[in-house]
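The values are calculated or read from the model by the stated rules, or taken from the named source; none is laboratory data. Bear in mind that the values here come from a model prediction, so they are computed numbers and not experimental data. Heads up, the Cβs are rebuilt from the backbone with ideal geometry, glycines too, and the neighbour counts pull from every protein chain shown. Ligands, DNA and RNA are excluded from the accessible area calculation, which covers all protein heavy atoms including side chains. Shrake-Rupley method; radii C 1.70, N 1.55, O 1.52, S 1.80 Å.
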Amino acid sequence: MNDMPIILQSLPTSKQMMRIAVVTETYPPEINGVAMTIGRMVSALQERDHQIQLIRPRQSEIDTPLQEKHIEEVLQRGMSIPRYDGLKMGLPAKSALLRLWTIKRPDIVHIATEGPLGWSALSAANKLKIPTSTDFHTNFHVYSKHYGFGWLRKPIIAYLRKLHNKALCTMVPTEGIRKELFESGYENLIVVRRGVDTQLFNPAKRSQALRTQWGAGEKDLVVLYVGRLAPEKNLPVVLSAFNKMRQKRPEAKLVLVGDGPERGELEHLNPGHIFAGMRTGEDLAAHYASADAFLFPSITETYGNVTMEAMASGLAVVAYDYAAAAEHIRNGQNGLVAMFDNERQFIEQAAALAADDVALAELGKNARITAENIDWKDIHDQFEQVLLKIVKRGESNDSEISLETSQPLG
């Protein structure tokens, strides 16, 4: 009898679905980089069929919890944040979360923000022995000096470090932030980078009608800033740099997109500039693409999503050499970077750019090419895998499951 061939059939392994509690004190439709990033991450987890329990402050009196496939919203009490119109800080809610998670226990609690609601979530999850992860999104300790409570800088640093070190993992957006936090005593750090929507932010969205509205001809220089009009964004450097650029290009226009506590005074002192207010979606994309250069001298960012949005829109970016700019800009190739907080160098870079149309076009073209290689899908995959590893480590109680966490860098 002839031997019968052995047929091996490879069957796909079933993917582990997770029940994930996401705790955040900001979420769309609120407009800021943290809300945008968390909104994208939650949507990606939903698309992968994970069950999401989204816990956030009630944004308004008419705010109602969303209940749909793969997501359940749980709204908590919040209070307004001084000088941050439209944003809420979640109030302590440990007892409520203990009750909720005793009945509806998640596989993991992911804490996106470090306010009182985030601390309550961490305390409740640890008490119930639910694995936890956190995000480091905002340099609150750096902001303190801009809002009149610089004397709290050290207590804020200690609070943030204690909170994050109680979690099994803290996700950060760049290697630079990971190194800085590691040297400050943070543990279990892992880089989960951020992407950019290159379909939305695209040079093809350029609008001559919008430029005409700004008083700019086809070949005139339009310089853009996008972000909060607030002390922590270092806006005097934007104005100084643009003044130097206008010495080279007298027809240049400065467009500032965004809102914040300093808008009124800025408009009063700079009536010749264009204050476009808050813009979103296609409207925001058109504002980016209709400019030529982008100035971003903030020194308080953990990442700076606007840097990548400008690059994706084909703009020549001038920024400091840290956060997103340090990750993605190669000086003189796809943008310009000055040494961190070196105001004179930043202004010189901007002025030189204004005088060189060839460099302006080349940097913008190469910036777009760089952005096209930063795919949100890959980042969402990494985020999902980190959560899965934390859940598995919690299930096995095995500290040996590697998360590729912090190591000494450089």
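Would you mind getting the accessible area per residue of the chain, heavy atoms of the protein chains only, 1.4 Å probe, in Å²?
Solvent-accessible surface per residue comes out at 47 Å².
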Quiz item: Under 19 Å Cα-Cα from Lys69, which lysines qualify once same-chain neighbours fewer than 8 residues away are excluded?
Solution: Lys15, Lys104
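If you stretched the chain out fully between Leu388 and Ala209, how much longer would it get, using 0.36 nm times the residue separation minus the C-alpha to C-alpha distance?
Values: separation 179, 0.36 × 179 = 64.44 nm, distance 4.84 nm.
Value of the extension gain: 59.6 nm.
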Practice problem: Treating only the Cβ atoms of Lys and Arg (+1) and Asp and Glu (-1) as charged, compute the dipole magnitude of region 235-293 about its Cα centre; round to the nearest 20 debye. | Solution: 360
Quiz item: Once both labels are modelled 7 Å past Cα along the beta-carbon direction, what's the Gln16-Asn165 spacing in nm?
Solution: 2.8
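Can you give me the % of accessible surface on the chain that is carbon or sulfur? Probe 1.4 Å, all protein chains present, nothing else counted.
On the way: 10170 of 19470 Å².
The C+S portion of the solvent-accessible surface of the chain is 52 percent.
Sum -39500 (n - 2.57) across every DSSP H segment of at least 4 residues in the chain, then divide by the residue count to get the 222 nm mean residue ellipticity, nearest 500. Walk me through the numbers on the way to the answer.
Values: 15 runs with 163 residues, N = 410.
Calculated mean residue ellipticity at 222 nm is -12000 deg cm²/dmol.
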Exercise. Would you mind getting me the FRET efficiency between Lys127 and Arg58? Use the beta-carbon distance for r and R0 = 35 Å, nearest 0.05.
Key: 0.90
Practice problem: Rank by packing, highest mean first: peptides 296-302, 75-81, 62-68, with packing defined as the count of other Cβ atoms within 10 Å averaged across residues. | Solution: 296-302, 75-81, 62-68
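Restricting to bridges with both residues inside the chain, how much of the DSSP beta-bridge set is antiparallel, in percent to the nearest 5? Provide the component values of the computation, followed by the final result.
Details: 6 of 48 bridges.
Close to 10 percent.
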Quiz prompt | Cross-link partners of Lys219 among lysines (Cα-Cα below 28 Å; sequence separation of 8 or more within a chain) | solution = Lys205, Lys244, Lys248, Lys253, Lys365
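Over all alpha-carbon pairs in the chain, figure out the percentage whose distance exceeds 38 Å. The partial results should precede the final answer.
Details: 21183 of 83845 pairs.
Considering the chain, 25 percent of its Cα-Cα pairs are separated by more than 38 Å.
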Quiz item: Roughly how many debye, to the nearest 20, is the charge dipole of the chain about its Cα centre, given +1 on each Lys and Arg Cβ, -1 on each Asp and Glu Cβ, and no other charges?
Solution: 1000
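Stokes-Einstein at 25 °C, 0.890 mPa s, Kirkwood radius from Cα pairs: D for region 279-358 in µm² s⁻¹? Write down the numbers at each step before the final one.
Working: Rh = 12.7 Å.
The estimated diffusion coefficient comes to 193 µm²/s.
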Quiz prompt | Dipole axis of region 158-212 (+1 Lys, Arg; -1 Asp, Glu on Cβ), positive-most option in Ala167, Gly195, Ala209 | solution = Ala209
